[in-house]
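The values are calculated or read from the model by the stated rules, or taken from the named source; none is laboratory data. Because the structure is predicted, anything quoted here is derived from the model rather than measured. Every residue, glycine among them, receives a Cβ derived from its backbone with ideal geometry; neighbour counts consider all protein chains shown.
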């Protein structure tokens, strides 16, 4: 365990070297947030209520979505893929650590900058557009628990997509495909209740809603009590399932390692 | 009991077969054709503890693929491999504990952190005790002079400094088997000598060394045994002294006379020697097992007054160069 803690601490320091890179990569996400805020502001700004969302709740929903989107974003993503692509994975594989756990430790270590920056952006939005509703202590506890599951979940989705680099040279394609699927089915941009029935049904059996919609709905109080607990259980269920699936994929991928040129 | 045992070790890569140009690339989308490329072809290798083996071959011969098979990075297509009783690709982490690896072209240092941090991480990864860690650092400082590098961010190191720090990183946990890929690349001569002396010491202490290198100085200074691989197959495996005795027998004596000496006269005095040059400057090639340098010198002095001379010893380098060029078949 100590070795993974050290790895996390190392990455927590190393990410500081990529401040600018990280802030730039966050810009894309911020523009997305601002665009969504602008659209929903127009739709709900004059006191309307759509599918149970008024303007203040929608804002809170989008901000939670933004926070979840910032976790394990660009830098961790490209770092994991890049190490496989340029063959640095060879060095990682000669270390007496479990590859998946080591990658997770590094992601956890680097996550603090993502949280800090995302919270700063949220604070800015609130200062600018006014307060958002807050859940009671019970809702806040459930929210914290739900948010805790988002980190490993996002890690696993990103990790599995990075493993695609063992099979394809074109990580950009994998990256974009993942972004599109995740932003649609996680409900980070548009709450899933706004989609047609079949999309909602599909989203219900996919892991992506657990990465954003669940904590966001808990925050604004649309998911409460037993129902919220059930959804949180689903989140952790996905963590376990994806963790095991990633192991299987890795076991297959590792047979395909072809590191040429030294 | 050998520490490295490989038999019939084979690794085949599948390479996409694309025809020329855009058309070829598009055609490949529909009819995917691949050719199998055998990078390592039925390699048999046994290494005893404490041996220093030079593993050499021209570019693309399969050197680093073999090392990656032995370190557990690659899974062999067929064949058996065991390192200190462990099958590397099956028990990767168990294998990782007992080996040290240096890929000269890549660094395992954390690029954005001081060297000290990378080494401290390795201490934790390999469960090295604090006392042992400090002792090791002192040792590395003495031999590799890494003390001054510890507070420096890895990104800011020169190639030579980086290599020294990387060597320390690879050897920190006192591995039983060490694989070094081009360990002296980019080092200046003084540091090179220190690194080689350090490697010799390591071997004397019972560490097994496997060196892949193009630097023939590394081979002669550090290793007792040489394994030559070409096109995935081992074409020679034996002691360096043996290679020299069998194939590096030709010494060359360069001589300048004070006055013109006819070439025919030299040929007469030195039967069996290869004589090149004319007038006053000659190069005499002779087998060090059939003539001594003194015999050749005596003959030259009989031919005329010698102004200057220089003797070239045969080097393993020449042998390997001839093998790579296809002029010499060591197996024959």
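Is it the case that the stretch A:16-34 has a residue that's away from every other protein chain (no Cβ under 14 Å) and not in a helix (DSSP H, G or I)? Even if it seems obvious, please write down each step before you answer.
Going through the stretch A:16-34, the residues away from every other protein chain (no Cβ under 14 Å) turn out to be A:23-34.
Next cut, not in a helix (DSSP H, G or I) only: none.
Scanning the stretch A:16-34, I find no residue that is away from every other protein chain (no Cβ under 14 Å) and not in a helix (DSSP H, G or I), so the answer is no.
Restricting attention to the stretch B:153-194, the residues that are in a loop (DSSP other than H, G, I, E, B), buried (at least 17 other Cβ atoms within 10 Å of the Cβ) and more than 14 Å from chain A (Cβ to nearest Cβ) add up to 3.
For the stretch B:2-17, which positions are within 14 Å of chain A (Cβ to nearest Cβ) and exposed (fewer than 15 other Cβ atoms within 10 Å of the Cβ)? Within the stretch B:2-17, B:14, B:15, B:16 meet the criteria. Looking only at residues in the stretch B:271-293 that are in contact (Cβ under 8 Å) with a residue 24 or more places away in the chain and not in a strand (DSSP E or B), the one that is farthest from residue B:254 (Cα to Cα) is B:289.
If the condition is being on the phi < 0 side of the Ramachandran plot and away from chain B (no Cβ under 14 Å), then the stretch A:72-100 contributes A:73, A:74, A:76, A:77, A:78, A:80, A:81. When the stretch B:78-113 is filtered for residues that are away from every other protein chain (no Cβ under 11 Å) and in contact (Cβ under 8 Å) with a residue 60 or more places away in the chain, the ones remaining, listed by number, are B:78, B:79, B:80, B:81, B:82, B:83, B:84.
Just to be sure, is residue B:75 touching a residue at least 60 places away in the same chain (Cβ under 8 Å) and under 29 Å from residue B:176 (Cβ atoms)? Criteria not met by residue B:75.
Taking the stretch A:182-262 and the helices (runs of 4 or more DSSP H) fully enclosed by it, the elements with 3 or more residues that are within 14 Å of chain B (Cβ to nearest Cβ) are at A:225-253. Does the stretch A:50-71 include one or more residues that are under 29 Å from residue B:153 (Cβ atoms), surrounded by 19 or more Cβ atoms within 10 Å (Cβ to Cβ) and either within 14 Å of chain B (Cβ to nearest Cβ) or within 15 Å of the chain's Cα centre (by Cα) (or both)? There is at least one residue in the stretch A:50-71 that is under 29 Å from residue B:153 (Cβ atoms), surrounded by 19 or more Cβ atoms within 10 Å (Cβ to Cβ) and either within 14 Å of chain B (Cβ to nearest Cβ) or within 15 Å of the chain's Cα centre (by Cα) (or both).
When residue B:238 is tested against (1) within 30 Å of residue B:190 (Cα to Cα); (2) at pLDDT 85 or above; (3) in a strand (DSSP E or B); (4) touching a strand residue (DSSP E or B) at 6+ places or on another chain (Cβ under 6 Å), just one condition goes unmet, and that condition is (4). Residue check: residue B:252 meets all listed conditions (1) on the phi < 0 side of the Ramachandran plot; (2) within 19 Å of the chain's Cα centre (by Cα); (3) modelled with pLDDT of 80 or more but one, namely (2).
Kindly provide the set of residues from the stretch A:101-137 that are touching a helix residue (DSSP H, G or I) at 6+ places or on another chain (Cβ under 8 Å), over 14 Å from residue A:72 (Cβ atoms) and part of a helix (DSSP H, G or I), ordered by number.
Of the stretch A:101-137, the ones touching a helix residue (DSSP H, G or I) at 6+ places or on another chain (Cβ under 8 Å) are A:101-115, A:117-119, A:121-122, A:125-126, A:129-135.
Next, from what is left, pick out any that are over 14 Å from residue A:72 (Cβ atoms): A:101-102, A:119, A:121-122, A:125-126, A:129-135.
A:101, A:102, A:119, A:121, A:122, A:125, A:126, A:129, listed by residue number.
Could you list, in sequence order, the residues of the stretch A:101-134 that are crowded, with 16+ Cβ neighbours inside 10 Å, within 12 Å of chain B (Cβ to nearest Cβ) and over 16 Å from the mean Cα position of the chain (by Cα)? Passing the criteria: only A:102. Annotation note: of B:72, B:85, B:62, the sole residue that is within 18 Å of residue B:7 (Cα to Cα) and surrounded by fewer than 20 Cβ atoms within 10 Å (Cβ to Cβ) is B:85.
Candidates in the stretch B:1-39 are the residues that are outside any strand (DSSP E or B) and under 22 Å from the mean Cα position of the chain (by Cα); of these, the one that is modelled with the lowest pLDDT is B:2.
Only residues that are touching a residue at least 24 places away in the same chain (Cβ under 8 Å), away from chain A (no Cβ under 14 Å) and more than 23 Å from residue B:194 (Cβ to Cβ) were counted across the stretch B:114-152, and they come to 0.
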